[in-house]
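These notes are about the structure you will find just below.
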Amino acid sequence: MNTKNRKLELVFIMILGLLVFIAPLFYSDLYFLSLMIKMALACLITLGLRLIFLTGQLNMGHAAFMGLGAYVSALTSLNLGLPVWMAMLLGGSVSALIAAPIGFVTLRIKGAYFAIVSMGLGEIIRLIYTRWEGLFGGASGVFGIPAPIIPISGAPFSGKIHYYYLIFFLLFLVFLAVRRIETSRLGLLFKAISLNDDLTRSVGVNIMNVKVISFCLGSFIAGIGGAYYAHYLLFISPNDFSFWTSANYILYIVVGGVGNFYGALLGPVFLIGLGDLLISLREYVPLVFGIVLIAIMKFRPGGLTELSAQIWNKISR
Amino acid sequence: MSQGQLFVQVILNGIMSGMILMLVVLGLTLVFGILHIVNFAHGEIYMLGAYVFWLLFGKNIISIPGPPVIHYILALIVTMIIIAAFGVLIERLFFKSFRGNLLPSMIISLGIILILQAGALIVFGIQERSVKSVFSGTLNLGGTYLSAERVAVIMAGVTLFVAVYLFIQRTFTGRAMKAVAQDADAAALQGINIDRICSLGMAIGCALAAAAGALLAPIFTINPYIGGEPLLLGFAAIIVGGLGSIPGSIVGSLLIGLVQSFGSTFLDSEAAMIIVFGLLVVMLVLKPTGLWGHEH
Amino acid sequence: MSLLKVSGLTKSFGGLKAVNSVNLQVDPGEIVGLIGPNGAGKTTVLRLLTGFFKPEKGQILFNGQEIAGLPPDRAAKLGIIRTFQETTVYPQLPVFLNITIGTYLQTKIGVIESLLNTKNYREKETEGNHSVDEIIKLLRLTGVVQEPAMNLPHGYQRRLGIAIALACGPKLLLLDEPFSGMNPEEVRLLIEDLKIIHKQGVALILVEHQMKAVMNLCDRVVVLNFGEKIAEGTPEEVVNNEKVVEAYLGGMHNAGN
């Protein structure tokens with residue numbers, strides 16, 4: 001990518017960041033804040049999914065690691081009195097740690113078979129949350145999860161505005177990290193594996209190690225997202241992290257566009273926004289999502305990023 | 001009920017679950033083998049089969065003279081035909097351009113799940129529906145009592161399975177399907193109409209799933225979300241038995257049906273599922289392609 | 001000491017011996033040709049050498065170290081690289097990125113330093129880019145640096161495949177029919193490219209049907225038939241060997257092309 005584009009991108013991101021930062025001054029209603037938080041969280045977790053997808057593995061059990069982060073963070077802060085920021089970090093780390101052995105076993109499998117297997121694995125983990133009542137609270141879940149603490153003042157979060165800034169702060173970090181990885185040599189390695197793993201092995205790359213690295217990093221991000229979710233909703237249960245949750249993230253990334261980094265952001269924003277617009281037609285929302293997904297797959301497989309690039313080209317002519 | 005009786009009931013339930021699962025899995029395997037796509041919406045086809053059967057038989061929107069058993073069988077057959085046609089429609093509209101592309105077909109099928117589930121919710125509502133059973137009472141088999149309904153389901157399942165098996169092995173069209181599954185290009189060169197065979201494969205696959213849903217309709221209640229479990233269990237059976245393998249499908253389905261039955265009865269349903277999926281993990285570690293599977 | 005010493009290499013597939021007790025030796029900087037009719041086992045030998053297959057029997061010593069059965073990435077780390085018949089390149093990526101991936105072993109970039117964009121990382125990156133530039137110049141790919149590999153004509157793709165392999169800094173390069181499907185002009189250019197690589201001190205095992213290339217490049221030639229070695233010697237010796245002529249069924253493949 002040439003430097004002119006990089007600079008443009010940087011300016012664009014800074015403007016966007018500024019807008020996000022000052023938005024609550026103009027729109028302080030809870031509804032707006034909730035929507036933005038929902039979008040930001042979805043973007044964060046989808047970025048984690050994208051990282052894993054860069055090596056060519058479609059993870060249909062992504063929500064399970066989100067759940068792991070959520071439960072670890074919730075339980076350690078609730079039962080062990082860990083400060084929330086530490087619990088969240090722990091949640092992400094445990095997700096990454098558990099992802100490693102799982103990755104070593106399952107990442108040997110490629111493509112569609114891995115997708116099926118990851119779906120099964122996501123279910124197993126969700127069932128473990130449901131069954132292991134002693135630890136995870138079973139089907140009724142964990143409630144009374146402590147809210148995060150505002151730095152310096154020491155008071156717990158008392159309004160949506162606090163959560164707003166926290167999620168965008170986290171999103172900012174994750175955005176930078178994933179963007180950085182993707183444009184670095186490491187990201188090139190990920191892509192090389194997804195494009196031609198035989199050749200990549202021949203040039204001396206240990207494919208399994210690199211795939212596991214991407215899997216762990218992506219699961220860490222999912223764990224952080226899950227932890228945030230836990231301390232935001234203050235209540236979690238196994239059904240929050242089902243196959244359907246994972247499928248939603250797949251939906252986001254596909255509609256946004258799998259070939260482009262910004263697809264991981266466009267997808268969630270577009271779909272959650274759309275869902276919000278149609279909130280009065282509650283039952284029709286999944287129907288619309290399904291149609292959008294199929295339309296994208298059939299007519300613009302590059303997703304919304306491809307679509308917007310085409311529109312941009314047409315306009316600038 | 002005595003310990004022995006309980007045991008027999010559990011095995012019977014397990015075989016029945018396994019049988020139903022086998023129909024679902026056979027359908028999935030057929031579609032995968034012939035069209036080389038993965039259809040996650042297969043569970044929703046099962047669900048639609050249950051609803052259509054309910055419309056035809058439970059709600060009696062078309063009244064057919066004669067004993068209830070005839071009505072039952074006719075409703076079953078008509079359900080299968082309707083859903084088979086529906087499946088062909090879906091195949092032509094959505095899957096045709098993705099034949100052979102596993103991942104994209106999966107993603108598209110996710111979209112189809114959303115549409116079908118939401119559609120069912122809108123059209124039929126969230127209330128649980130039920131269908132009265134035609135076969136009441138129990139059969140006495142050498143001292144043990146077996147639910148007539150469950151026996152009927154098993155027999156129907158076996159009949160369908162054998163029918164499809166014979167069709168594939170003995171008829172010209174069936175062998176054409178095998179040819180397309182093995183090598184579509186070579187089959188096309190031999191003059192086989194690939195589109196028609198693919199549609200037929202989809203039709204049969206969906207008919208089987210619909211039959212599974214319809215057969216279970218009198219036993220369990222119907223709601224728009226019943227497609228989820230057969231899908232997950234079906235894939236578990238496929239992972240254990242091996243994708244694309246028919247003997248694997250049989251063994252995998254029966255195994256999972258029995259484990260589920262025993263688990264649910266002697267432990268609880270979640271523990272049963274954990275064991276099922278635990279089997280999956282063991283299989284993945286030892287032989288990722290399943291008992292009968294082969295690497296593609 | 002010889003760079004590569006293969007003794008008694010054997011591999012069967014379902015009862016059929018694809019490679020039967022083959023002995024082979026390559027000295028540093030040598031170009032050894034491996035020829036034989038179709039199905040003689042040449043590609044299998046290459047796959048055994050790079051670790052894609054595990055040998056049934058036999059020894060493969062590279063610099064005195066046993067490497068039989070080592071996975072391809074470990075073989076690469078020791079200095080053996082292979083270019084495939086197909087899939088030698090990343091079709092969707094531009095030429096320079098293709099070669100950049102090849103520099104992985106030379107630059108040894110880690111995860112943390114990538115993430116943090118450390119000074120170390122940037123140095124390694126610049127070094128890697130240097131190597132890429134050199135190789136692009138060496139193999140005359142300057143005109144197509146930004147072009148996606150799939151848009152390149154056949155001959156250029158082959159050259160790119162060799163460029164990627166060269167970027168790994170190999171001591172021994174295994175080439176699997178790099179000349180197949182090339183017109184005489186492309187053949188001439190590729191022969192020049194391989195001579196350039198040879199001058200860099202890289203040893204080559206060249207599996208090839210194109211006899212002109214074999215005659216032109218190889219110091220020694222080994223002939224396989226039905227998985228067994230039937231002759232060995234200089235190109236001239238081998239061409240005139242009766243057994244070799246017979247093996248090719250009464251005529252040399254592409255003789256004199």
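Restricting the calculation to Cα atoms, every distinct pair contributes to the Kirkwood radius of segment B:85-230, found to be 18.0 Å.
Each of A:Ala309 and C:Ser7 was given a label point 7 Å from its Cα along the Cα-to-Cβ line. The distance between the two points is 5.7 nm.
Work out the FRET efficiency for B:Lys96 and C:Met150 from their Cβ-Cβ distance, taking R0 = 25 Å, and round it to the nearest 0.05. The formula returns an efficiency of 0.45 here.
Only protein heavy atoms count here, probed at 1.4 Å, and on that basis chains B and A bury about 3500 Å² of accessible area in total.
Here the label points at C:Asn183 and A:Phe104, each 7 Å from Cα along the C-beta direction, are separated by 5.4 nm in the simple model. Work from the charge dipole of the protein assembly as shown (Cβ charges, +1 for Lys and Arg, -1 for Asp and Glu, about the Cα centre) and give the residue of C:Leu152, C:Gly41, A:Gly302 farthest towards its positive end. Most positive-ward Cα: A:Gly302. Within segment C:60-180, the ratio Rg/Rh, alpha carbon atoms throughout and Rh by Kirkwood, equals 1.00.
Of A:Lys211/C:Lys124; C:Lys57/C:Lys212; B:Lys178/C:Lys11; C:Lys5/C:Lys199; B:Lys287/C:Lys77; C:Lys171/C:Lys199, which sit over 24 Å apart, Cα to Cα? Pairs exceeding 24 Å: C:Lys57/C:Lys212; B:Lys178/C:Lys11; B:Lys287/C:Lys77.
Counting Cβ atoms of other protein chains within 10 Å of each residue's Cβ and taking the mean over peptide A:119-131 gives 6. Dipole orientation for chain A: of the candidates A:Phe190, A:Pro268, A:Tyr113, A:Phe190 has the Cα lying most toward the positive pole (charges on Cβ; Lys, Arg +1; Asp, Glu -1).
The dipole here belongs to chain C: it is taken about the Cα centre, uses +1 on the Cβ of Lys and Arg and -1 on the Cβ of Asp and Glu, and is about 540 debye.
Sorted on the mean count of surrounding Cβ atoms within 10 Å across their residues, most packed first, peptides A:226-233, C:199-206, A:89-96 read A:226-233, A:89-96, C:199-206.
Antiparallel beta bridges, as assigned by DSSP with both residues in the protein assembly as shown, represent about 60 percent of the total such bridges. Candidate cross-link partners of C:Lys42 among the aspartates and glutamates, defined by an alpha-carbon separation under 13 Å and a same-chain spacing of 8 or more, comprise C:Asp176, C:Glu177, C:Glu208, C:Glu228. Across peptide B:270-283, the mean count of Cβ atoms from other chains lying within 10 Å of each residue's own Cβ comes to 4. Hydrodynamic radius of chain C by the Kirkwood approach over all distinct alpha-carbon pairs: 19.0 Å.
Charging the Cβ of each Asp and Glu at -1 and of each Lys and Arg at +1, and nothing else, the dipole of the protein assembly as shown about its Cα centre rounds to 600 debye. Highest-first packing order for the peptide set A:136-147, C:48-59 is C:48-59, A:136-147, based on the mean count of other beta carbon atoms within 10 Å. Projecting the Cα positions of A:Val142, A:Ile224, A:Val254 onto the charge dipole of chain A (unit charges on Cβ atoms of Lys, Arg, Asp and Glu, taken about the Cα centre) puts A:Val254 furthest along the positive direction.
The Cα atoms of chain A give a gyration tensor whose axes a ≥ b ≥ c have a/c under 1.5, which makes the shape rounded. Placing pseudo-labels 7 Å out from each Cα toward the beta carbon at A:Leu78 and C:Asn240 gives an inter-label distance of 8.9 nm. Rounded to the nearest 10 degrees, the angle from helix C:184-199 to the longest Cα principal axis of chain C is 70 degrees. Where a ≥ b ≥ c are the square roots of the eigenvalues of the C-alpha gyration tensor, would you call the protein assembly as shown rounded, which needs a/c under 1.5, or, failing that, prolate if a/b is larger than b/c, or oblate? Because a/c hits 1.5 or more and a/b fails to exceed b/c, the protein assembly as shown counts as oblate.
With the cut-off at 1.5 for a/c, could you classify segment C:1-92 from its C-alpha gyration tensor as rounded, prolate or oblate? It comes out rounded by the Cα gyration axes.
The values are calculated or read from the model by the stated rules, or taken from the named source; none is laboratory data. Keep in mind the model is a prediction, meaning the values are calculated, not measured. Heads up, the Cβs are rebuilt from the backbone with ideal geometry, glycines too, and the neighbour counts pull from every protein chain shown. Keep in mind that these areas ignore ligands, DNA and RNA; they rest on the heavy atoms of the full protein, side chains included. Shrake-Rupley method; radii C 1.70, N 1.55, O 1.52, S 1.80 Å.
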